[in-house]
Ligand code: 9MR
């Protein structure tokens, strides 16, 4: 009788302890559920998003809440580009950029300025400049005004964007044509003088690919030898489900980091649509006619494809976590699939699914697979 009571006592105690443990596990899971990607990855790198005008204006409450829950770094998708922020020699439009910076400050986010010197989306008046001194004056006014305005408020600037061809040589931009390659040094030096505290980056697509990477490294070494302050390199990361270049990504992280730079993944997305021309990167001027064959998932992405994407994102983040000491930030080029530029490139009006959140800003299997690496289910 006595021993039965003792056994009962032990059993009840065991049950209670098990219950407590389960409760603790549930509490822990609850705490983890409360956090987003940014919290899960806080010991590794920033998790960022490019945001559009609606998101800067907090027009959609669901997107606004998601931004704050999941991301701790923001980049303006379009509104700091030259044609928008300085459409004429003496006209600047700071309405959205001011709101963008204020939003980031209000929520204590890392704020990235994108982008000071880019051949694309240039204001027409800059395209017409034919002479070195005039171009240098335009560059000086542009950088001094913009970087100066946000001095101490923007954490880092994409100073020069997409200056390289695929073979690693310098692209024939209006800047190169007028000023020669000295425009690169000039741009970085102007930015450093306008805000000595801000980090300065070179940003490009396909620079994980061997030839372009070699050109990029040579260019950065030249800049460093000329005494230019450059803090980071931005690998854009516009990739395709047809195959992510994992090995080249890893080599790039190692090689760029060996230059003393932090590595940022600045515009990550994975296109799920056919790309018969095997176009890589993000040459925005490329556009081709559409057809139903080219837009195979107009209503939803099949489950098998969702899974394929989840595996690709997980493998990518595994790699980035392995190099967390070298990787500073991973920014997605948009919040939800509906916002992505890849619905319009390189064919207009397609339905693409490149990001971690769907068109209703709900997490996709790809989100869970990235989260799982840090928060075990
Ligand atoms: O996502 C951007 C899209 O809305 C614009 O129409 C396009 C041209 O300004 O730029 C897109 O963003 C580009 C980024 O600024 C630089 N790297 C390539 C990105 C995708 O084209």
(request) Any chance you could give the angle, 0 to 90 degrees and rounded to 10, that helix 303-322 forms with the longest Cα principal axis of the chain? (result) 80
(request) Please give the length that would be gained between residue 247 and residue 151 if that part of the chain were fully extended, namely 0.36 nm times their separation in residues minus their C-alpha to C-alpha distance (nm, one decimal). (result) 30.8 nm
(message) With a cut-off of 8 Å between alpha carbons and a minimum separation of six or more residues, what is the relative contact order of the chain in percent?
(response) 15
(request) Compute the FRET efficiency between residue 348 and residue 121 as 1/(1 + (r/R0)^6), taking r as their Cβ-Cβ distance and R0 = 25 Å, and round to the nearest 0.05. (result) 0.90
(message) So if I take the centroid of the Cα atoms in the range 339-376 and the same for the range 177-192, what is the distance between those two points in Å?
(response) 36
(message) How much length would be gained if the chain were fully extended between residue 214 and residue 326, taking 0.36 nm per residue of separation minus their Cα-Cα distance, in nm to one decimal?
(response) 38.4 nm
(request) State the antiparallel share, in %, of DSSP beta bridges confined to the chain, rounding to the nearest 5. (result) 10
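For residue 128 and residue 166, calculate 0.36 nm times their separation in residues minus their Cα-Cα distance, and state this gained length in nm to one decimal.
Gain on extension, residue 128 to residue 166, equals 11.1 nm.
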(message) I'd like the FRET efficiency for residue 318 and residue 141, computed as 1/(1 + (r/R0)^6) with the beta carbon distance as r and R0 of 56 Å, rounded to 0.05.
(response) 0.80
(request) Rounded to the nearest Å, what's the spacing between the alpha carbon centres of the range 297-314 and the range 194-244? Just the number, please. (result) 30
(message) With n ≥ 4 as the cut-off for DSSP H runs, can you work out [θ] at 222 nm for the chain, using -39500 (n - 2.57) per run divided by the number of residues, rounded to the nearest 500?
(response) -13500 deg cm²/dmol
(request) Measure nothing fancy, just the Cα-based angle from helix 246-257's long axis to the longest principal axis of the chain, in degrees from 0 to 90, nearest 10. (result) 60
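Rule-based calculations on the coordinates, nothing more; no lab input. Bear in mind that the values here come from a model prediction, so they are computed numbers and not experimental data. We place every Cβ from the backbone using ideal geometry, glycine too, and count neighbours over all the protein chains shown.
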